[in-house]
1. Please work out which one of (1) buried (at least 20 other Cβ atoms within 10 Å of the Cβ); (2) within 15 Å of the ligand (Cβ to nearest atom); (3) without any contact (Cβ under 8 Å) to a residue 40 or more places away in the chain is the condition residue 21 fails and give its number.
2. Which residue pairs have Cβ atoms closer than 7 Å, lie 6 or more positions apart in sequence or on different chains, and pair a first residue in segment 54-83 that is without any contact (Cβ under 8 Å) to a residue 40 or more places away in the chain with a second residue that is surrounded by fewer than 20 Cβ atoms within 10 Å (Cβ to Cβ) and of a type in the set (A, V, I, L, M)?
3. Where the second residue is within 14 Å of the ligand (Cβ to nearest atom) and not in a strand (DSSP E or B) and the first is touching a residue at least 60 places away in the same chain (Cβ under 8 Å) and lies in segment 155-178, which pairs have Cβ atoms under 6 Å and are six or more apart or on separate chains?
4. Checking the structure you have, find out if any residue of segment 66-83 is under 22 Å from residue 166 (Cβ atoms), touching a strand residue (DSSP E or B) at 6+ places or on another chain (Cβ under 9 Å) and crowded, with 20+ Cβ neighbours inside 10 Å.
5. Which of the strands (runs of 3 or more DSSP E) contained wholly in segment 70-189 include at least 3 residues that are in contact with a Phe, Trp or Tyr (Cβ under 9 Å, 6 or more places away or on another chain) and either within 28 Å of residue 22 (Cα to Cα) or away from the ligand (no atom under 16 Å from the Cβ) (or both)?
6. Have a look at 136, 171, 108, 93 and point out the one that is modelled with pLDDT of 90 or more and either of a type in the set (Val, Ile, Thr) or in contact with a Lys or Arg (Cβ under 6 Å, 6 or more places away or on another chain) (or both).
7. Quick one: count up the residues across segment 1-33 that are touching a Leu at 6+ places or on another chain (Cβ under 8 Å) and closer than 30 Å to residue 110 by Cβ.
8. Check residue 163 against each of (1) surrounded by fewer than 18 Cβ atoms within 10 Å (Cβ to Cβ); (2) at pLDDT 90 or above and name the one condition it does not meet.
Amino acid sequence: MNQDAALDLFRKSGALLEGHFRLSSGLHSERYLQSALVLQHPASAEALGAALAERVRHLQPTVVISPALGGIVIGQEVGRALGVRAIFAERQDGKLLLRRGFTMSPGDRAIVVEDVVTTGGSTRETIDVATAAGADVIGAAAIIDRGNDAARVGLPLFALVKLDVPTYQPDACPLCARGEPVVKPGSRI
Ligand SMILES: [Zn+2]
């Protein structure tokens, strides 16, 4: 699956909107991304997971680890396609942890899988969790890489799509400056 085919799945499911949006952060953007809307369709989730698995198969991962909640569905599908375990880390009192009896061991070659990587912060935290659990973390993968600096996670980062999603303070928003009406994503456009 190439970048256009992946983006097409996002657009068709409403997971990628283009226009003029007020995000929950209060910032404005010309794109709105909500990957849960594409991943709710099992056939799309499976196809995206299989495509992402092909990008990382050469690393010979033995386990997939994802940060909850956003990474769980795609992590499961990448694990399915690779034929390896898919586990997740979740927050307790703000700290990302392995819970539910999930373990990793020194023989594990772990790949961190997420839906979208923006700053890379949750990716790096998940790498730290897996490393602390004894695994050798060999790379990271995401459906969409929203950043320009692939080195920011400290390991090879594989993505199906590179997508710039600039955000603006309302008083510096070029769409506002052109007088385009702003909408809140999720409301009827
Ligand atoms: Zn605006």
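1. Failed condition: (3).
2. Matching pairs, first to second residue: 81/50.
3. Matching pairs, first to second residue: 167/27.
4. For segment 66-83, residues under 22 Å from residue 166 (Cβ atoms), touching a strand residue (DSSP E or B) at 6+ places or on another chain (Cβ under 9 Å) and crowded, with 20+ Cβ neighbours inside 10 Å: absent.
5. Counting at least 3 such residues, we get 85-92, 136-145.
6. 136
7. The qualifying residues number 10.
8. Residue 163 satisfies all of (1) surrounded by fewer than 18 Cβ atoms within 10 Å (Cβ to Cβ); (2) at pLDDT 90 or above except (1).
The values are calculated or read from the model by the stated rules, or taken from the named source; none is laboratory data. It should be emphasised that the depicted structure is a prediction, and the values quoted were computed from it without experimental measurement. Reconstructed Cβ throughout: ideal geometry from the backbone, glycine too, with neighbour counts over all protein chains shown.
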